[in-house]
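One structure below.
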Amino acid sequence: MSNRYVLVQWNRHKKIYDIVTLAGMVLFLTVYVGAGMIRHQSPSEISPPILLMRGFGVLSIVMLHIILSIGPLARIDERFSPLLYNRRHLGVMFFFAAFLHGFLVVGFYGGFGSVNPLSAILNSSGGGVPYELLGFMALIIFFVMAATSHDFWLANLGHRFWKAMHMCVYAAYTLVVLHVAFGAMQDKQGAVTPALLALGVVWLGGLHITAGLKQRKADVAVAEADAGWIDVCEVSEIPTSRARVVRQAGHEAIAVVNNEGTITAMSNVCAHQGGPLGEGQVIDGCLTCPWHGYQYDPATGCSPPPYTERVRTYEIRVEGGRVLLNPEPRGG
Amino acid sequence: MIDVLLIVIGVYFAIGVVFAVVVAAGPIKSFDSVVADSPLRFRFIATPGMAALWPIMAGKLVGAKNTSREP
């Protein structure tokens, strides 16, 4: 939560998250380069700089798949939810891995000639598909995303624009898949790389479809009760300290919260980054966003002082054990 | 073709870097008052994004100046 910007809002969870991520990256590179050096004993086959360059490339793709898997995994099984928290740091670290891959490629393959190294690399496809250019374009998108991951950007670009811009990760992912696929084909690397890549695409596609189907099933199928009120569900169907999400055409998604038996309703969209509040839980009396821990009083929709974030709230009636919701926000 | 693209991207980011450094040094506060209460080193982290999105930020800067001139 923020009433001033800081470089990084460190806490214990973030530190552990970052240390584990960095250690994982170093371990991955060490194993990749070490195994490569054992496999290619002669430096004339594949030299250590090429192994490192490839290592950063493979590491980037693995990290990108992990990043894109976290969202749907958390929807499918809430035990993955802690991974959502601090996903931004993971994204920035991924960008640096991808950047180092590109930097090493440009430096190693284009750094010893008389022309601009970047131009030399991007013009080197020799009539084939310019897969280097696809990777370069993806890297630019990842740079913009990493550079605008701070809350300052969310506040100044607006939530909708920021979210739309960061959804470009899927466009960049497509560019990366094409970059690797065409690169592997043109370098005649065999079937292993395209097969692993296809597996990754199928994995991500399957996860997103599964998560979407699960969410659709979990969301309350709304039925109008009277005068526009929505019959949500039985009170007992909302677990204590949790919420159920109500979606109705023409209205924003609403989280119906059970706070120790008191049923209230608020927007499902966190004021910070649009996280799914209904997938969070009540901690210290506040509904807590699963993405970055922003908190809201279920009764007022306000963040606890000194924070100033606020989300819309909705009227609730409980009649005969059933929860009824007015989908028009309080105060219009 | 690729060389032209590189020149365009290079010029865009060169303008962006100059813009970002200048705006981070002071005018950033005019369109986001929260920056005034934030540590100076925060501006360092905002600079790359401003270099990338400088046309949008330039628009915000102009908008903020016009608003401050209104009686």
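The values are calculated or read from the model by the stated rules, or taken from the named source; none is laboratory data. Owing to the predicted nature of the structure, the values given are computational and were not obtained by experimental measurement. FYI the Cβ positions are ideal-geometry reconstructions off the backbone, even for glycines, and counts take in every protein chain you see.
B:Ile9 meets the conditions (1) within 11 Å of chain A (Cβ to nearest Cβ); (2) crowded, with 16+ Cβ neighbours inside 10 Å in every case but one. The failed one is (2). Scan the range A:256-286 for residues that are part of a loop (DSSP other than H, G, I, E, B) and touching a Gly at 6+ places or on another chain (Cβ under 7 Å) and the total you get is 1.
Pairing residues of the range A:263-285 that are assigned by TED's automatic domain parsing to the domain that holds A:Pro72 with residues that are surrounded by fewer than 22 Cβ atoms within 10 Å (Cβ to Cβ), at Cβ distances under 8 Å and at least 6 apart in sequence or on separate chains, gives no pairs at all. The residue that is surrounded by the most Cβ atoms within 10 Å (Cβ to Cβ), counting only those in the range B:24-39 that are part of a helix (DSSP H, G or I) and more than 10 Å from chain A (Cβ to nearest Cβ), is B:Ala24.
Based on what the data block shows, is B:Phe19 buried (at least 16 other Cβ atoms within 10 Å of the Cβ) and within 12 Å of another protein chain (Cβ to nearest Cβ)? So B:Phe19 fails the test. When the residues of the range A:93-122 are filtered to those that are surrounded by fewer than 19 Cβ atoms within 10 Å (Cβ to Cβ) and within 14 Å of chain B (Cβ to nearest Cβ), the one that is nearest to A:Gly274 (Cα to Cα) is A:Phe96.
For the range A:287-332, the set of residues classified as assigned to a loop (DSSP other than H, G, I, E, B), within 16 Å of A:His159 (Cβ to Cβ) and among the charged types (D, E, K, R) consists of A:Glu309, A:Arg312, listed by residue number.
Conditions tested, residue by residue: (1) of a type in the set (Asp, Glu); (2) outside any helix (DSSP H, G or I); (3) farther than 30 Å from B:Val34 by Cβ; (4) touching a helix residue (DSSP H, G or I) at 6+ places or on another chain (Cβ under 7 Å).
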{"site": "A:Gly24", "(1), (2), (3), (4)": "no, no, yes, no"}
{"site": "A:Ser44", "(1), (2), (3), (4)": "no, yes, yes, no"}
{"site": "A:Arg54", "(1), (2), (3), (4)": "no, no, yes, no"}
{"site": "A:Val58", "(1), (2), (3), (4)": "no, no, yes, yes"}
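Within the range A:156-171, can you find the residues that are within 11 Å of another protein chain (Cβ to nearest Cβ) and in contact (Cβ under 8 Å) with a residue 40 or more places away in the chain?
Our first condition is that a residue be within 11 Å of another protein chain (Cβ to nearest Cβ); within the range A:156-171, this holds for A:156-158, A:161-162, A:165.
Answer for the range A:156-171, where residues must be within 11 Å of another protein chain (Cβ to nearest Cβ) and in contact (Cβ under 8 Å) with a residue 40 or more places away in the chain: just A:Trp162.
Can you tell me which residue is surrounded by the fewest Cβ atoms within 10 Å (Cβ to Cβ) among those in the range A:233-263 that are more than 20 Å from A:Pro329 (Cβ to Cβ) and charged (D, E, K, R)? Top of the filtered list is A:Glu260.
Take the residues of the range A:123-140 that are at pLDDT 85 or above and more than 10 Å from chain B (Cβ to nearest Cβ): which is farthest from the chain's Cα centre (by Cα)? Steps first, answer last, please.
As a first pass, look at the range A:123-140 and keep what is at pLDDT 85 or above: A:130-140.
Of the ones still in play, those that are also more than 10 Å from chain B (Cβ to nearest Cβ) are A:131, A:134-135, A:138-139.
Values: A:Tyr131: 25, A:Leu134: 22, A:Gly135: 20, A:Ala138: 16, A:Leu139: 17 Å.
Of everything passing the filter in the range A:123-140, A:Tyr131 is farthest from the chain's Cα centre (by Cα).
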